[in-house]
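Trainee: This is the structure I want to talk about, given as structure tokens.
Readers should treat all values here as calculations from the given coordinates under stated rules, not as data from a laboratory. What you see is a predicted model; the values in this text were computed from it and never measured. Every residue, glycine among them, receives a Cβ derived from its backbone with ideal geometry; neighbour counts consider all protein chains shown.
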There are 2 protein chains.
Amino acid sequence: MSSNKSTYAPGYVPSQITHHEWRTVENSAAYLLPTLRALSSKSDTSPLLLDIGCGSGTITRSLASHLPNGKVIGTDISDEILSRAKELCHGTDNVTLKLANVYSLPFEDGKFDVVHASMVLGHLDNPVAAYREMLRVTKPNGGIVANREPDLSICTYYPRSKPMDEFHALQLKVMGEGAVIGPKMVHLAMEAGAKREDITPSFGTWCYASPEERKIWGGAFLERLREGNLGKTALEKGYATKEEIEGMIKAWEKWSESEDGVYGCMLGEILIKKGM
Amino acid sequence: MSSNKSTYAPGYVPSQITHHEWRTVENSAAYLLPTLRALSSKSDTSPLLLDIGCGSGTITRSLASHLPNGKVIGTDISDEILSRAKELCHGTDNVTLKLANVYSLPFEDGKFDVVHASMVLGHLDNPVAAYREMLRVTKPNGGIVANREPDLSICTYYPRSKPMDEFHALQLKVMGEGAVIGPKMVHLAMEAGAKREDITPSFGTWCYASPEERKIWGGAFLERLREGNLGKTALEKGYATKEEIEGMIKAWEKWSESEDGVYGCMLGEILIKKGM
């Protein structure tokens, strides 16, 4: 699997990181809460959870708080972001962080009760290979693979503006197929060998509307346009002119300051129960 | 307000009704659960809830089950659908059903602890007038208006097909602005006099993926194309040819039978806390 590309294309700009660090189980993995509750209610076992592509580790830390009787291992392909995760998880005793690639996880077969990934497979060239590897390290007979990925073709917002519509079209162009993986996850999991009846799909949402949320979300996109890979790629590939990008930045600024501003996006989610 | 149009444009075809009757608080008004829990925990009061545009009444019945110490009044503008609601609510002692128009509700000011409407305002010409009337009959000092409405521009599905994409474009054309009201609800509620800090927006989702769900959802759209107002209006207004509609029907049939078929849509939600 060494031919599979493993990079994080969006890059790390400060506001994107602020958005990442806003994430918790409650706002980004609520579909996994019943599983976590069931595992933490068993006082005689110590459940083991793997969080793949953990980034700055706020979901990892939050997962660990829901499994006080268990252990959580967070992995990422970036040393840089793992340093930040180490800072943020400092003091959370049941978290370990580790450099690892989802295509070849350094763990034995059937090790984990839960293998979780949030907004990871959409960035990969081969999500089916990733599901196979995630399933490999999941406990047989009821272990759970949990995954949440975007469908960026269906974000919605108010007040509307032409440059923000153009921004969304640009984002889809730059991110390619992975940006719309959400509703396809059942299909991909089946390709990776999961039986349909063992897969439970759902959809979750993010909503940004308070002044703080508008600043975080607007700020993340502003900087991805200004300094991050989104703006760079758009210019290099001729998807947008400098003036068009400036127009999008202004539109995001204006939206961030709109008292009636609301932004919503929908994320595909699946739980896969591993069989025998 | 008598100039405000009050009709239910989609009409009632059997499968559309089947889809409506699948609805409960859990799958269609979960954002209201914390409010219902708080109200039902007060043993010394009997909370009063109004469910506007209750249709066949399955959400109404479900709301009543969450307020065993309270009373729920369901209203609709259609005698026909209220008869069905009476059948389905039979045996639920704390539900009353009543013919009423959202623009001029037959209730005194400040009567209700909660005023709820699901997928109603998107069908109206004047949602701001509806919010004003809903706020009028809500208790001052903390009564709640709860509302969930669609944004049909951002449905997602798999496997993709050209006729299903065309179906979604057609649906938006026929339904007009109301079809995308979801992210605009904060703005509309503010126009109706609510303060921004008293409005809590969120987004909910519907996911259809199991064989039963695919049959219900696919079936509802099949029949709206075949016998309901969607197909009729599309033909009358020249939005689609008979052949194109046949193509969409076949595509929905095929999707319904796809084992890896997933359909998701996102709904705008708001809770408005009434002030003094």
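Trainee: Taking every Cα atom in the range A:32-127, find the radius of gyration and the maximum pairwise distance Dmax, and write them in Å.
Mentor: 13.0, 40
Trainee: Measure nothing fancy, just the Cα-based angle from helix A:162-175's long axis to the longest principal axis of chain A, in degrees from 0 to 90, nearest 10.
Mentor: The two axes meet at around 40 degrees.
Trainee: Measuring from a point 7 Å out along Cα→Cβ, what nm distances, shortest first, does A:ASP125 have to its partners in the other copies?
Mentor: Those label-point separations list as 5.8 nm.
Trainee: Separate question: Taking 1 over the mean of 1/r across every pair of different Cα atoms in chain B, what Kirkwood radius in Å do you get? Write down the numbers at each step before the final one.
Mentor: Numbers: mean 1/r = 0.0518 Å⁻¹.
Hydrodynamic radius (Kirkwood, Cα pairs) of chain B is 19.3 Å.
Trainee: Helix-derived [θ] at 222 nm for chain B: sum -39500 (n - 2.57) over DSSP H runs of at least 4, divide by residue count, nearest 500?
Mentor: Numbers: 11 runs with 109 residues, N = 276.
Using -39500 (n - 2.57) per qualifying helix, the result is -11500 deg cm²/dmol.
Trainee: With an 8 Å Cα cut-off and a minimum separation of 6 or more residues, compute the relative contact order for chain B in percent. Please list the in-between numbers first.
Mentor: Working: 533 pairs, mean separation 63.5, N = 276.
Relative contact order, chain B: 23 percent.
Trainee: When a/c is below 1.5 the answer is rounded, else prolate if a/b is larger than b/c, else oblate, so apply that to the range A:149-268 with a ≥ b ≥ c taken from the square roots of the Cα gyration tensor eigenvalues. If you can, show how the numbers build up before the last one.
Mentor: Numbers: a/c = 2.94, a/b = 1.55, b/c = 1.89.
It is oblate, given that a/c is not under 1.5 and a/b is not larger than b/c.
Trainee: A further question on this structure: Based on the Cα gyration tensor of the range A:114-188, what are the three equivalent ellipsoid semi-axes, each the root of five times an eigenvalue, rounded to whole Å and given largest first? Please report the intermediate quantities before stating the final value.
Mentor: On the way: eigenvalues 192, 31, 13 Å².
Gyration-tensor ellipsoid for the range A:114-188: 31, 12, 8 Å.
Trainee: Give the order of A:PHE107, B:PHE167 when sorted by the count of other beta carbons within 10 angstrom, beginning with the fewest.
Mentor: Values: A:PHE107 18, B:PHE167 25.
Neighbour counts put them in this order, fewest first: A:PHE107, B:PHE167.
Trainee: Would you kindly enumerate the cysteines in the protein assembly as shown that have no other Cys beta-carbon under 4.7 Å from their beta-carbon?
Mentor: Singleton cysteines: A:CYS54, A:CYS89, A:CYS207, B:CYS54, B:CYS89, B:CYS207.
Trainee: Right, next: Under a Cβ-Cβ cut-off of 14 Å, what is the net charge of the residues other than B:PRO47 that fall near it, where Lys and Arg count +1 and Asp and Glu count -1?
Mentor: On the way: positive: B:ARG37, B:LYS42, B:LYS71, B:LYS111, B:LYS139; negative: B:ASP44, B:ASP51, B:ASP113.
Here the charged neighbours net out to +2.
Trainee: Can you pull the mean other chain C-beta count within 10 Å for peptide A:117-129?
Mentor: Numbers: counts 0, 0, 0, 0, 0, 0, 0, 0, 0, 0, 0, 0, 0.
Per residue, the number of nearby Cβ atoms from other chains is 0 on average.
Trainee: To two decimal places, what compactness ratio does the protein assembly as shown give when its Cα radius of gyration is scaled by 2.2 N^0.38 Å?
Mentor: Details: Rg = 24.2 Å, N = 552, 2.2 N^0.38 = 24.2 Å.
Compactness ratio reported: 1.00.
Trainee: Now for a separate question. Between A:SER83 and B:ASP79, what is the FRET efficiency for a Förster distance of 56 Å, r being their Cβ-Cβ separation, to the nearest 0.05? Let's see the in-between values first.
Mentor: On the way: r = 67 Å, r/R0 = 1.20.
The computed FRET efficiency comes out at 0.25.
Trainee: Within 10 Å of each Cβ in peptide A:183-193, how many partner chain Cβ atoms are there on average? Round it to a whole number, please. Could you put the intermediate results ahead of the total?
Mentor: Working: counts 13, 7, 3, 7, 7, 2, 1, 2, 1, 0, 0.
The mean count of partner-chain Cβ atoms within 10 Å per residue comes to 4.
Trainee: Per residue of A:258-269, what is the mean number of Cβ atoms on other protein chains within 10 angstrom of that residue's Cβ? Spell out each step's value before the answer.
Mentor: Numbers: counts 2, 5, 12, 3, 12, 3, 12, 3, 12, 2, 6, 3.
Per residue, the number of nearby Cβ atoms from other chains is 6 on average.
Trainee: Considering only the label points, 7 Å along Cα→Cβ from Cα, what distances in nm to one decimal separate A:GLU26 from the same position in each other copy, shortest first?
Mentor: 2.3
Trainee: Tally Lys/Arg at +1 and Asp/Glu at -1 over every other residue whose Cβ is under 12 Å from the Cβ of A:ASN229; what's the total? Walk me through the numbers before you get to the answer.
Mentor: Details: positive: A:ARG224, A:ARG226, A:LYS232, A:LYS237; negative: A:GLU223, A:GLU227, A:GLU236.
Around A:ASN229, the charge tally is +1.
Trainee: Another question about this same structure. Every other copy gets compared here: list the nm distances from the B:GLU236 label point (7 Å along Cα to Cβ) to its counterparts, shortest first, one decimal.
Mentor: Sorted ascending, the copy-to-copy spacings read 5.5 nm.
Trainee: Another question, then. Would you mind telling me the antiparallel percentage of the DSSP bridges in the range A:70-161, rounded to 5?
Mentor: On the way: 1 of 12 bridges.
Around 10 percent antiparallel, to the nearest 5.
Trainee: While we're on this one: Would you order A:SER83, B:SER256, B:SER210 from fewest to most other beta-carbon atoms within 10 Å of each residue's own beta-carbon? Display every interim value, and only then the final one.
Mentor: Details: A:SER83 11, B:SER256 20, B:SER210 14.
The most exposed by this proxy come first: A:SER83, B:SER210, B:SER256.
Trainee: Continuing with the same structure: How much of the DSSP bridge set in chain B is antiparallel, in percent, rounded to the nearest 5? Before the final figure, lay out the partial values.
Mentor: On the way: 21 of 41 bridges.
Looking only at bridges with both residues in chain B, the antiparallel portion is about 50 percent.
Trainee: In straight Cα distance, which aspartates and glutamates are under 18 Å from B:LYS254, not counting same-chain residues fewer than 8 positions off?
Mentor: B:ASP165, B:GLU166, B:GLU212, B:GLU213, B:GLU223, B:GLU243, B:GLU244, B:GLU246
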